[in-house]
């Protein structure tokens, strides 16, 4: 074995062999004038959110822990373990470890490896493990499990060990790892103590017993102190004869804390109402005291003293009358609650959105304030089949909501979004699939025909006037999985994709043009200035998880111009007993330029792709052409740029992260940014839209099947949002805010 660094040195006084970097001699206690700065531990980890969080926890635990009396770490007499080395810089693509890393490894007494599925195959982590073992041996290497199982998370360098020192022959090893996974929170304290014992080089049980004794002593001291404080408070209350006042103060503190909790989960209006209960009805009223905690809670909910480092604010929470069930174009069964269909549709201008729950309740809401606009009642003919089966699809234009209900009879109804009134309805409509809306209230629809083929209709929703064409000579179309798109400046042309078939149809006549897509399941279709872009996926996974996909671009006559393909994996999240399948199929969102095709923006799995419109290659000039997130992409929104302003992209992920990034920022880290919003829960559905000067994200939490939350941001808002308000002025602002949100 090649020894890269000396592992010991001589005492400057008694010349005994002492550990490298020791501050004092363990034999004569002489302080070493030329002692090297050493580290208690070198922490090796991947620069990913979960791994980084665990690494920070371990570093803090080691550096702040003081050993109980009677236990010491060799080379130290102050009871401290010492500092940790945790590199916060991502290593560049070099062939060997940098000198500063090798130097830190040499000066470290222990190596702690943070293990996760993403870290297992990390070249740098495995190199750091190998280098440390060469310098100090294997017995001072300790593993910490941040996520995943040991089989899928332990790096290969820890899974093998040499049979004979210096030999190339290895044998499998099965290292034990301290459990820091999220599901092991009840063991975190003991696991932390286990790591500390390993670093200190002492017996874990001995350290635990001494630590427990120390904790009990501290607890006794704290208990006495608490009793003294409580006694003092009680004495003061008795002396002031204000028992009722104390009760009101306690109640106000509780209400203020509840207000803060509601705001943290996104319920801004609930937080305002709860904080208002914690304050007097006016400055002149003496019904309860004005506590600073209650006033702060109200100001936070009203966004008066907004955090200058945050650009996102909780907007509102909506609770539906019945569960949402499965979202999207879903066939559902009313007797099976887990399979019921729900739907959410957001208008193309972002002004309103609509919710349909599993009981058939349909309501529209203002996107910015969450104010309920109207309830939409379907015609009485919209009843489920005798078996309980039905389908529900919705589309929202600038002013109207269109709903199709497939049950005993196919019913198509158009509602005024602000009043809920039925503008027109049609029975036996054939179960259309909705296409794209255009500027005003034009909507394209496709209806399957009994004899095969389909009809394409462009409808003016305000007048119910339509223009249609029939497309025959094709098999019967399942429009629940079809996509239709009509260029806004050429309403007579329609592009349709269903299955693996792409068609072009002219409403004024002529033979349709058809071509085949790469895979049998079309997932998205868009038209950009003469370029038709379609995404498709193989419905059958290659290995039970991985599926292939393709994004293809065609000219207006459906001649293939380029194809981008790859693989992705669907993900499943389970939260509070609710299972959500994140399909993560490829979706095309738009282009990076307003007046030209620019670069095509799409998502698949955990990635956002930016493809050159000319040849489909990764566009390195925009966000390095590709962003990879910590979980599946739920939605993407684009603010298209102009020559002096390149615009930005906002991405929502199922992990609960929402992040906005400049499109041209090639150095962007998609998982850490000043414009990042981290929701306190994972999400199973999300939509990001622009509403006036604001950007709004609407999300359905993964742990709730009847709740929708919304957050908003205003990039033009200044940091100085505070103000010196009287209580009466705050109450007036409360009434105005609640009225705007329809919460009075």
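How big is the stretch 250-300 by the Kirkwood estimate over distinct Cα pairs, in Å? Each step should come with its number before you reach the end.
Numbers: mean 1/r = 0.0952 Å⁻¹.
It works out to 10.5 Å.
I'd like to know how the stretch 365-470 sits against the 2.2 N^0.38 Å rule of thumb: what's its Cα Rg over that expected value? Display every interim value, and only then the final one.
Working: Rg = 14.1 Å, N = 106, 2.2 N^0.38 = 12.9 Å.
Cα-based Rg divided by the globular estimate yields 1.09.
Run the simple label-point estimate for residue 703 and residue 500 please: 7 Å along Cα→C-beta, distance reported in nm.
Spacing of the two 7 Å Cα→Cβ label points: 4.3 nm.
Given R₀ = 35 Å, what would the calculated FRET efficiency be for residue 27 paired with residue 123, taking r from the Cβ atoms and rounding to 0.05?
Numbers: r = 42 Å, r/R0 = 1.20.
The formula returns an efficiency of 0.25 here.
Give the peptides 276-286, 460-470 in descending order of average Cβ contacts within 10 Å, highest first. Numbers along the way, then the final one.
On the way: 276-286: 15.8, 460-470: 13.9.
The packing order, highest mean first, is 276-286, 460-470.
Quick check: residue separation of residue 63 and residue 303 times 0.36 nm, minus the Cα distance between them. What number comes out in nm? Walk me through the intermediate numbers first.
Working: separation 240, 0.36 × 240 = 86.40 nm, distance 3.77 nm.
Gain on stretching residue 63 to residue 303: 82.6 nm.
Provide the gained length on full extension for the span residue 322 to residue 188, in nm with one decimal, where the gain is 0.36 nm per separating residue minus the Cα-Cα distance. Don't skip to the answer; put the middle values down first.
Numbers: separation 134, 0.36 × 134 = 48.24 nm, distance 3.84 nm.
The residue 322-residue 188 span can extend by a further 44.4 nm.
By how many nm would the segment from residue 466 to residue 261 lengthen if fully extended, with 0.36 nm per residue of separation less the alpha-carbon distance? Please list the in-between numbers first.
On the way: separation 205, 0.36 × 205 = 73.80 nm, distance 5.07 nm.
Going from the current span to full extension adds 68.7 nm.
If we count other beta carbons within 10 Å of each Cβ, what is the order of 527, 39, fewest first? Walk me through the intermediate numbers first.
Details: 527 18, 39 21.
The order, fewest Cβ neighbours first, is 527, 39.
In which sequence would 498, 447 go, from the one with the fewest C-beta neighbours within 10 Å to the one with the most?
Working: 498 25, 447 21.
In order of increasing Cβ crowding within 10 Å: 447, 498.
Based on the mean of other beta carbon atoms within 10 Å per residue, what is the order of 349-357, 143-151, most packed first? It would help to have the intermediate numbers written out before the result.
Working: 349-357: 22.9, 143-151: 19.2.
The packing order, highest mean first, is 349-357, 143-151.
How far apart, in nm, are two points set 7 Å out from the Cα along the Cα-to-Cβ line at residue 247 and at residue 409?
6.2
In nm, to one decimal, how far is the residue 152 label point from the residue 542 one, both placed 7 Å along Cα→Cβ?
Computed distance between label sites residue 152 and residue 542 equals 1.8 nm.
Students often get this wrong: which residues of the stretch 244-276 have the backbone nitrogen under 19 Å from the point 7 angstrom along Cα-to-C-beta of residue 285?
244-259, 270-276
Give the calculated FRET efficiency between residue 728 and residue 690 to the nearest 0.05, with a Förster radius of 56 Å applied to their Cβ-Cβ distance.
According to the calculation, E is roughly 0.95.
Place a point 7 Å from Cα of residue 424 in the direction of its Cβ. Which residues in the stretch 358-402 have their backbone N less than 18 Å from it?
379, 395-402
Each reported figure results from applying straightforward, stated rules to the coordinates on display, with no laboratory input. Computed from a predicted structure; not experimentally measured. Glycine gets a Cβ as well: all are built from the backbone with ideal geometry, and neighbour counts include every protein chain shown.
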